[in-house]
1. Tell me which residues, restricted to the stretch 9-44, are touching a Phe, Trp or Tyr at 6+ places or on another chain (Cβ under 9 Å) and of a type in the set (Gly, Ala, Ser).
2. Of these, His135, His73, His164, which one is at pLDDT 90 or above and either out of contact with any Leu (no Cβ under 8 Å at 6 or more places or on another chain) or surrounded by fewer than 18 Cβ atoms within 10 Å (Cβ to Cβ) (or both)?
3. Only residues that are under 18 Å from Val86 (Cβ atoms), surrounded by fewer than 20 Cβ atoms within 10 Å (Cβ to Cβ) and in contact (Cβ under 8 Å) with a residue 12 or more places away in the chain: list them for the stretch 39-49, please.
4. Looking only at the stretch 50-60, filter to residues that are surrounded by 15 or more Cβ atoms within 10 Å (Cβ to Cβ) and not β-branched (Val, Ile, Thr); which one of those is modelled with the lowest pLDDT?
5. Against the conditions (1) buried (at least 19 other Cβ atoms within 10 Å of the Cβ); (2) within 13 Å of the chain's Cα centre (by Cα); (3) under 21 Å from Ile127 (Cβ atoms), where does Phe90 fall short? Just the number, please.
6. Among the residues of the stretch 138-160, how many are of a type in the set (A, V, I, L, M, F, W, C), over 19 Å from Tyr63 (Cα atoms) and surrounded by fewer than 17 Cβ atoms within 10 Å (Cβ to Cβ)?
7. Which residue pairs have Cβ atoms under 8 Å apart, sit 6 or more places apart or on different chains, and have a first residue in the stretch 67-96 that is more than 13 Å from Ala33 (Cβ to Cβ) and a second that is of a type in the set (D, E, K, R) and buried (at least 19 other Cβ atoms within 10 Å of the Cβ)?
8. Can you find a residue that is within 21 Å of Ala146 (Cα to Cα), surrounded by fewer than 15 Cβ atoms within 10 Å (Cβ to Cβ) and either aromatic (Phe, Trp, Tyr) or modelled with pLDDT under 95 (or both) anywhere in the stretch 22-38?
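The values are calculated or read from the model by the stated rules, or taken from the named source; none is laboratory data. Computed from a predicted model, the values in this text were never measured in an experiment. Ideal geometry is used to build each Cβ from the backbone, glycine not excepted, and the neighbour counts take in all protein chains shown.
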Amino acid sequence: MALATAATPIVIAIGSNRPHGRHGRPAGVVRAAVKALAEAGFPAFAVSPILATRAVGPGGRDYANAVMTSSTHLTPPEIVAALKAVERSFGRRRGRRWGARVLDLDLIAWGAGVWPGRLLWRQSRGIAAPHRSMHMRDFVLTPMLAVAPHWRHPVLGLSVRQMHARLRNG
């Protein structure tokens, strides 16, 4: 008999800065994305308040941002593939890196795990968990304070509260 392993807690960032025909303005897209993620196998344990934030880069339009916690038995590449499928279901198409988008989903944290591993995390390209830039993004850390303030970055060794304070204090 195989032993069941506990699911890994995860944090997903949700952002939108374009309206959607069915879900309305970006805040409505974020709320609809939480429901779509549950249908895709990522039930929300906690969802932060939606934060209105200025666009980073040449995207132009302001964003609605939130984070949610869930859990899964999937690996980071499998999680990211599922997140991309949800983005596509909202009409997201590949485009310029900092362009406007109906829905943007990012894997921010994968429990205390590091993908693809501690030695490769900083220099590898592609999927990484925790997200390589999370500690520099107020639009991730501020909502994360509401749902996972004590989560500790497994590479930096800092809690969300500490990363947020460092970012705010420059």
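1. Matches in the stretch 9-44: Ala13, Gly15, Ser16, Ala32, Ala33, Ala36.
2. On the way: His135 fails: either out of contact with any Leu (no Cβ under 8 Å at 6 or more places or on another chain) or surrounded by fewer than 18 Cβ atoms within 10 Å (Cβ to Cβ) (or both); His164 fails: either out of contact with any Leu (no Cβ under 8 Å at 6 or more places or on another chain) or surrounded by fewer than 18 Cβ atoms within 10 Å (Cβ to Cβ) (or both).
On inspection, the qualifying residue turns out to be His73.
3. Selection gives Ala40, Gly41, Pro43, Ala44, Phe45.
4. First pass over the stretch 50-60, keeping only residues surrounded by 15 or more Cβ atoms within 10 Å (Cβ to Cβ): 50-51, 53, 55, 59.
Then keep just the ones that are not β-branched (Val, Ile, Thr); that gives 51, 55, 59.
Numbers: Leu51: 96, Ala55: 76, Gly59: 56.
Applying the filter and picking the extreme gives Gly59.
5. Phe90 satisfies all of (1) buried (at least 19 other Cβ atoms within 10 Å of the Cβ); (2) within 13 Å of the chain's Cα centre (by Cα); (3) under 21 Å from Ile127 (Cβ atoms) except (2).
6. Just the residues of the stretch 138-160 that are of a type in the set (A, V, I, L, M, F, W, C), to begin with: 139-141, 144-148, 151, 155-156, 158, 160.
Then keep just the ones that are over 19 Å from Tyr63 (Cα atoms); that gives 147-148, 151, 155-156, 158, 160.
Next, from what is left, pick out any that are surrounded by fewer than 17 Cβ atoms within 10 Å (Cβ to Cβ): 155-156, 158.
Summing the residues that are of a type in the set (A, V, I, L, M, F, W, C), over 19 Å from Tyr63 (Cα atoms) and surrounded by fewer than 17 Cβ atoms within 10 Å (Cβ to Cβ) in the stretch 138-160 gives 3.
7. Gly95/Arg101
8. no
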